[in-house]
Amino acid sequence: MSQTRQFRAPPVISTGPGAATEAGAYAKRLGKRALIVTDSNLKKIGLLADVEASLDAAGVAYAVYDKVVMEPVVEYVDDGLRAFGEAGADVVVAVGGGSPIDTGKAIAAMARNPGKISEYMGAGKLGKPSVPLIAVPTTAGTGSEVTPFTIITDPATDVKMLISSPHLIPAAALVDPLMTLRMPRGITAATGLDALTHAIEAYVSVRAQPLTDTFALQAIRLISANLRRAYSQPDDLEARSNVLMGALQAGLAFANSSVALVHGMARPIGAYFHVAHGVSNAVLLPTVIEFSVPGNPRRYADIAEAIGEETKGLTVDEAAKKTVEAVKRLNADLQIPSLRGLGINVTKFESVVSKMAADAIASGSPGNNPRKASPEEIVALYRKAL
Ligand SMILES: [Fe+2]
């Protein structure tokens, strides 16, 4: 096996207040006509204005596809691709949370690759580079602005298709805390916990490497120290900036070392019960950490320390276990309900739980977990989280 490790990231990551207003300048460098991919709500609340103004100022013509209203499905990709063609576009500007950015990535890829998006499920199947994509996140969570992944649900099978390719890495990520100030509390909590899950999973992943460790631990520190404040004081620019920087660094980490069992198990919950991605992760996180600690206690002890837990004088095992309680407290403070509290029907849950475990394993993410879980163990973990 090769002993080298690769670390990939967008050629440009611009961070700080005002980064979104650089969209026009980057679009002009990358193409002539843009398709903005977003959700209609963002346009309604005026969050698109700065990006549109910067495209106008740069003399880049654009059309807007704003039909992304929930987590991306195949239909959005097909419709967006049509809009891309009709606009004569050659660059995509994706503005929004993970859904518009993931949709934009799939559109940019399918603009240059033949067939249907579902033919590219899995790793490394996109043969040709996408058209350039500029990603402008408005949530602090998915890290999609820097990752080589997109997740598109196929409603025909209820499968959240994970598509992975270096061609899906955006050409530019414009990471602007001003774009996150109006994020509602529930979304601040869910996306922030998604980002924390990325950082934790990137750090314990069997594919972790020194470059991802640096970003993962700093992401855990930034998110743990600032997420409660961003939640309770939405206008606090410093807290928003720190959580966004944490989410970005978590994205850089898991883009290169992958997520693990929590994400593998969370995607089927989203697909079968339409629970938001961040919430699916958050409700599973303490249960899965508790299961996984014996696989690499040293790493979980580091995480406890990065979260801000007092670990002096504790054994590695004692320190590692503090991660479970710390995450439970954070969930409680951010008012994340239990799985049952989300209104999940127990009868339906029992009828699909084995299929969910199979889907989780098929996604490949559980293979990166420090402690491997059998299908029976995954079923037991789902029941425990319920
Ligand atoms: Fe995630």
V259 vs. criteria crowded, with 21+ Cβ neighbours inside 10 Å and part of a loop (DSSP other than H, G, I, E, B): yes
If I go through region 344-386 residue by residue, how many of them are hydrophobic (A, V, I, L, M, F, W, C) and over 13 Å from F291 (Cα atoms)? 12
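Applying the selection to region 116-151, what residues are in a loop (DSSP other than H, G, I, E, B) and of a type in the set (S, T, N, Q)? Give the steps one after another, and end with the answer.
Here is the first cut: in region 116-151, the ones in a loop (DSSP other than H, G, I, E, B) are 116, 121, 124-132, 138-148.
Within region 116-151, S130, T138, T139, T142, S144, T147 meet the criteria.
Conditions (1) modelled with pLDDT of 95 or more; (2) surrounded by fewer than 23 Cβ atoms within 10 Å (Cβ to Cβ); (3) touching a Lys or Arg at 6+ places or on another chain (Cβ under 9 Å), marked per residue:
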residue	(1), (2), (3)
T214	yes, yes, no
A219	yes, no, no
S232	yes, yes, yes
E238	yes, yes, yes
V243	yes, no, yes
H263	yes, no, no
Taking only region 1-45 into account, find how many residues are assigned to a loop (DSSP other than H, G, I, E, B), buried (at least 18 other Cβ atoms within 10 Å of the Cβ) and under 24 Å from the mean Cα position of the chain (by Cα). 3
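For every residue, the table says whether it meets (1) within 16 Å of the ligand (Cβ to nearest atom); (2) under 14 Å from D302 (Cα atoms); (3) not in a helix (DSSP H, G or I).
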| site | (1), (2), (3) |
| --- | --- |
| L178 | no, no, no |
| A189 | yes, no, no |
| Y203 | yes, yes, no |
| I220 | yes, yes, no |
| A225 | no, no, no |
| A230 | no, no, no |
| P234 | no, no, yes |
| V243 | yes, no, no |
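Is there a residue being in contact (Cβ under 8 Å) with a residue 40 or more places away in the chain and in contact with a Lys or Arg (Cβ under 8 Å, 6 or more places away or on another chain) anywhere in region 189-206? Lay out the reasoning, then the answer.
Just the residues of region 189-206 that are in contact (Cβ under 8 Å) with a residue 40 or more places away in the chain, to begin with: 189-206.
Within this subset, residues satisfying the condition of being in contact with a Lys or Arg (Cβ under 8 Å, 6 or more places away or on another chain) are 203-204.
Yes - at least one qualifying residue is present in region 189-206.
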Inside region 346-386, can you point out the residues that are in contact with a helix residue (DSSP H, G or I) (Cβ under 7 Å, 6 or more places away or on another chain), surrounded by fewer than 18 Cβ atoms within 10 Å (Cβ to Cβ) and over 15 Å from I269 (Cα atoms)? R371, P375
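The values are calculated or read from the model by the stated rules, or taken from the named source; none is laboratory data. Please read all numbers here as calculations on a predicted model, not as lab measurements. Methodologically, a virtual Cβ is constructed for each residue, glycine included, from the backbone with ideal geometry; neighbour enumeration extends over all protein chains shown.
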